[in-house]
Each structure stands twice: as C-alpha cells, then as structure tokens.
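J.: The structure under discussion is supplied below as structure tokens; questions concerning it will follow.
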Amino acid sequence: HDFIGEFSTSYKELSMGQSQFNVYEVVNPKKKEKKKNYKNSGTVTLLSFLLDIEVTFLDYIKGG
C-alpha cells in the first residue's frame, strides 16, 4: 500500500464524461521535489460516468 500520487478534479469535469479533458496526471509531491525530471507517476482516464439517483417513497408522494 504505497502512495503513488494524487490529482484533483471537480464534479463538473467528471460529468462531461469520457473525453480528452478527463485524463489526469497522477503526481507524487515528494518525488516531484526530489527528482528534477519527474513528470508524473501515470495517468487516470475516465472511461464512464453514471449519476444514479435513488428516489424514495417519500419523494414519490411529494411529487404527486
């Protein structure tokens, strides 16, 4: 369980779905400080995005 790196994104970016904009570089800050030529530890590519909303019985009643 070694730390590989990190990246950040937003819900808005994720909701755009699979595209060229949803490829993120995984950067390890400690390696970046130590190594001059360090770029990243790899990339994370979004392949799919699904928003699943669970409707409760109460929501059904409120909706009519």
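J.: Any residue in region 40-64 that is under 29 Å from Ser19 (Cβ atoms) sitting within a Cβ distance under 7 Å of a residue that is aromatic (Phe, Trp, Tyr)? List the pairs, counting only those 6 or more apart or interchain.
T.: Within 7 Å, the pairs are Thr43/Tyr24; Val44/Phe7; Val44/Tyr24.
J.: I need the full set of residues from region 9-22 which are surrounded by 10 or more Cβ atoms within 10 Å (Cβ to Cβ) and among the aromatic types (Phe, Trp, Tyr), in order please.
T.: Passing the criteria: only Phe21.
J.: Limited to region 20-34, what total is found for residues that are under 16 Å from Leu47 (Cα atoms) and either among the basic types (Lys, Arg) or in contact (Cβ under 8 Å) with a residue 24 or more places away in the chain (or both)?
T.: Total meeting the criteria: 1.
J.: Could you say which residue among Glu54, Glu33, Glu25, Glu6 is in contact with a helix residue (DSSP H, G or I) (Cβ under 9 Å, 6 or more places away or on another chain) and either open to solvent by 60 Å² or more (accessible area, probe 1.4 Å) or modelled with pLDDT under 95 (or both)? Please lay out each step first, then the result.
T.: Values: Glu54 fails: in contact with a helix residue (DSSP H, G or I) (Cβ under 9 Å, 6 or more places away or on another chain); Glu33 fails: in contact with a helix residue (DSSP H, G or I) (Cβ under 9 Å, 6 or more places away or on another chain); Glu25 fails: in contact with a helix residue (DSSP H, G or I) (Cβ under 9 Å, 6 or more places away or on another chain).
After applying the criteria, what remains is Glu6.
J.: I would also like to ask the following. Can you work out which of the residues in region 36-51 that are open to solvent by less than 90 Å² (accessible area, probe 1.4 Å) and of a type in the set (A, V, I, L, M, F, W, C) is farthest from the chain's Cα centre (by Cα)?
T.: Phe49
The values are calculated or read from the model by the stated rules, or taken from the named source; none is laboratory data. None of the values given here were measured: they were computed from a predicted structure. Here Cβ is always computed from backbone atoms with ideal geometry, including for glycine, and neighbour counts include all displayed protein chains. The area values use the complete protein model at the heavy-atom level, side chains included, leaving out ligands, DNA and RNA. Shrake-Rupley method; radii C 1.70, N 1.55, O 1.52, S 1.80 Å.
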